[in-house]
Amino acid sequence: MSRFLRRLTALAAGLVFLCSCGISASRSVDVQFTAMDTFIHLTAYGAGASTALNAAQQSLLALEKQLSVTEADSEISAVNNADGRPVSVSEDTAALVDFALSMSRRTDGAMDPTVYPLVRAWGFTADEYRVPAQMELESLLPLVGAEQVDLSGNTLTLSPGAMLDLGSVAKGWAGDRLADDLKQAGVSSAILRLGGNIQTVGTKPDGSDWVVGIQDPDSEGMLARLSVRDCAVVTSGGYQRAFTENGKTYWHIIDPATGHPARTGLTSVTVVAPSGALCDALSTALFVMGTDRAADHWREHRDFEAVFVCEDGRITITAGLEDSFTLMDGYTEREVTVLR
Ligand code: ADP
Ligand code: MG
């Protein structure tokens, strides 16, 4: 090795040494990968962050294998292919199905985990988009509804023809799980981005709030920002997966009552609450309900906050977000209504 190279190596070693001396609560570790059909970006701070994030990545990939509606050997596929026979599933899957069914009841079926026959008819899971005939949709509607599912302990039985899709809750639920695991591992500051689902652990390392952007549904830009701590921020938007045929746009959030993509004048709904699973279920449900029904739901429950963006650009926020919601530059002229 030349003297120059040796000096360079010594210098590099010194730098590494200096960096590790500087390990403090503010040093961040990032992990990025694709899972659950979306881009995942996990960031955690402080000692133990690296090990904890690697474990989080493994546990998310394992959950995906279990819950995916497209993977042939997932537990959900086993249930969907059972043709009315009972199937024994893991405790995790049973707990998530139980939660999804309870949210379906709470939202009068606006969010419904049995929506899969409809989602499949529109080609959303396989990315083979098509507009089904009205008669086809009508023949599928009787297969949709929480009453199609019997869950006793860990045994799941679906009516013949009925099928489950946990796509509206799985990422939020997984976010809760990862956040709990990180806390158990001693991490007190992290931000987990699972596509449109954000889960924050504690605060930023300096004790300040996390700043989470809300995308403009009509562009790549950020419409507004929210400052939050130790909670989830989950957005459902028509813009996230859609196709256009004969000049009409169809998106992946389906109204289980009609079988058609939900069209209520909303282009996105963002829900804020401590539980990512609750946020995820509600972001889908409130999108289906539309602003007025969603406002009633908020007034009735008051266990979440929300931002509604309408096709005409108008924005509605719930009262609890008044101090944490800020329009971004270029959007400050937008009309914002506060629900009380
Ligand atoms: P994303 O997964 O894009 O973040 P959502 O959380 O709103 O968005 O979930 C949408 C997914 O849930 C769809 O891709 C579909 O698989 C499924 N889905 C569509 N409509 C409904 C509905 N009304 N209830 C439950 N699941 C739905
Ligand atoms: Mg959702």
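When peptides 248-258, 158-168, 271-281 are sorted by average Cβ neighbour count within 10 Å, with the highest value leading, the order is 271-281, 158-168, 248-258. Of all the options 320, 265, 207, the one that moves most in a Gaussian network model of the chain with Cα springs shorter than 10 angstrom is 207.
For the chain, DSSP calls about 95 percent of its internal beta bridges antiparallel.
Rounded to the nearest 10 degrees, the angle from helix 91-106 to the longest Cα principal axis of the chain is 60 degrees. Here the Gaussian network model covers the chain, with springs between Cα atoms less than 10 Å apart; of 145, 175, 330, 330 fluctuates the most. Summing charges over all other residues whose Cβ lies under 11 Å from the Cβ of residue 237, with Lys and Arg as +1 and Asp and Glu as -1, gives -1. Among the chymotrypsin sites (Phe, Trp or Tyr not before Pro) found in segment 128-225, those both in a DSSP coil and sparsely packed, with 15 or fewer other Cβ atoms within 10 Å of their Cβ, are 129. The chain: D in µm²/s via Stokes-Einstein (Kirkwood Rh, Cα pairs, 37 °C, 0.692 mPa s)? In µm²/s, the coefficient rounds to 153. When exposed loop sites are taken as GluC sites (Glu not before Pro) in a DSSP loop with at most 11 other Cβ atoms within 10 Å, the longest stretch of the chain clear of them is 1-127.
Determine the calculated [θ] at 222 nm for the chain from helices alone, applying -39500 (n - 2.57) to every DSSP H run no shorter than 4 residues and normalising by the residue count; nearest 500 deg cm²/dmol.
So the calculated ellipticity at 222 nm is -10500 deg cm²/dmol.
Normalised radius of gyration (Cα atoms, divided by 2.2 N^0.38 Å) for segment 68-158: 1.10.
Given a Förster distance of 25 Å, report the FRET efficiency between residue 326 and residue 230 from their Cβ-Cβ distance, rounded to the nearest 0.05.
On the way: r = 20 Å, r/R0 = 0.78.
Rounded to the nearest 0.05, the efficiency is 0.80.
Read-outs: derived from the displayed coordinates by stated rules, not from any lab. Being a predicted model, the structure only gives us computed values, none of them experimental. Don't worry about glycine lacking a Cβ; one is built from the backbone with ideal geometry, like all the others, and counts go over all protein chains shown.
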